[in-house]
Amino acid sequence: MRADTGPAGAYFRSMRAALNGLRVYLSDNKSPLYAHGLVGQVIIPYVDRLEATFSAWENRVGFMERFRISRADSGFPVFQNVLTLENDRATAKDRLAAIPEPETLKAEMADFILRHREFPAALQEQIAERLYLEEIGKDQVFAPFILPETIRVSVNPKTRRPFYVVHWGVFDGSQTLPMVYMATIEDSSEAIAKMLVTKDGKLNREVDIPLPVGGLLNPEFARAFDASAERHGAYSLSPVTIAQNIDEDFEHLHPKQLRRFVLGPFYSAGVTDNSDRISSILSRVRRDENAWLLTWTMQEVLSKTERPAKHGLWSSEPARDEYHIDTDDLEATRQGVSAYQKHALVPHDAYQALYASGEAESIFSGFTVHVVSGKQVISEV
């Protein structure tokens, strides 16, 4: 049963509309993200996970009163909700076995109403709990850490090394922000090169690689790479620091590009107070599903050169990458990136309210704005 009334209902309606709008934007092959190769394709499954997670949380509100949102910061649910959901996944199967099927519960509800002339709150809570457990049991929610997956394999013609495109997800606990990482990583280990690279320096097509592959393609480093990605996934670490940390964790893995997609903050009228100015304007919008603003940042760091390995009699140093930071851009320097983009997604009604207030220019300064109008998204307004 969904939380249809009060602030919780308004919040879930606006978040549902925002994620749906984001999906429309990402699915458009004219979207600027498609200028960045696989980015749109990679992020959509994480939006699927967020939608499933919010659906589960909405059902959970139907039988558990406590649900907190980071109202003053990200606008997303506090991290304890993510951890609770993760813990509930472990017991979902056993708990489901103790709850009657939905059809049985609905029949009991109808019978209760006829006999007692009142609403069966306890039975409604059981239905909500069952729907919640069924949702999280599908293993498609946004967990604190979503394991890496390899989606592309190729060969760098200059170095003749195989490289992988890998992505993974993190829900940051301190800032309560969902994030998606995407990295291009060269592999200089001899065994994998012999298997994947032909004598003319191309990918060996005789090797069957059933993409996507769970984890890093090279099984020698897969488990350690999972641990490294999780250890270095915090929002507080800049992309350049994360790339350097992964580079230092492995002698034969060389991150050449790292992208981080940070979703949020999210602004919802009457629920979040992370910006009094935005909230007061959004409150003028009549419908909850149109009274929101979703922002995100795309960060990228690129390797500018690789220091060659040194092998001496008494000591040796593995090859290490040096990363480009755009020091001409103070914000890029602060973020620790080669480049970044800031985006804002807003419904047409909310954009009109912001524009009418005279605040749109200052609120959206530095952002590329995307306006949701029906089933379309108009970009770069």
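No value in this document is a laboratory result; all are computed from the given coordinates. These numbers were taken from a predicted model, which means no experiment stands behind them. Counting neighbours? That spans all protein chains shown, and the Cβs are built from the backbone with ideal geometry, glycine included.
Numbers for the structure displayed
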{"read-out": "Simple Cβ-charge dipole of the chain, Lys/Arg +1 and Asp/Glu -1, about Cα centre, in debye nearest 20", "value": "480"}
{"read-out": "Shape box of the chain [Cα atoms, principal axes, largest first, Å]", "value": "87, 56, 37"}
{"read-out": "Over the chain, relative contact order from alpha-carbon pairs under 8 Å, at least 6 apart, %", "value": "16"}
{"read-out": "More than 21 Å apart - percent of Cα-Cα pairs taken over the range 249-381", "value": "55"}
{"read-out": "Listed peptides 56-65, 355-364, 133-142 by packing density, highest first (mean Cβ within 10 Å)", "value": "56-65, 133-142, 355-364"}
{"read-out": "Set of the range 243-275 residues, backbone N closer than 19 Å to the point 7 Å along the Cα-Cβ line of LEU147", "value": "none"}
{"read-out": "Mean ellipticity per residue at 222 nm, deg cm²/dmol - from DSSP H runs of n ≥ 4 across the chain, formula -39500 (n - 2.57)", "value": "-12500 deg cm²/dmol"}
{"read-out": "Extension reserve of the GLU108-ARG95 stretch, reckoned as 0.36 nm per residue once the Cα distance is removed", "value": "2.7 nm"}
{"read-out": "Neighbourhood net charge (13 Å Cβ-Cβ; Lys/Arg +1, Asp/Glu -1) for PRO212", "value": "0"}
{"read-out": "Volume in Å³ per residue [convex hull over Cα atoms, computed for the range 176-312]", "value": "177"}
{"read-out": "Projected label distance in nm at ARG66 and GLU230, using a 7 Å step from Cα toward the beta-carbon", "value": "2.5"}
{"read-out": "Cα shape, the range 250-293, gyration tensor, a/c 1.5 rule", "value": "prolate"}
{"read-out": "Anisotropy class of the range 118-157 from Cα gyration tensor, a/c 1.5 cut", "value": "prolate"}
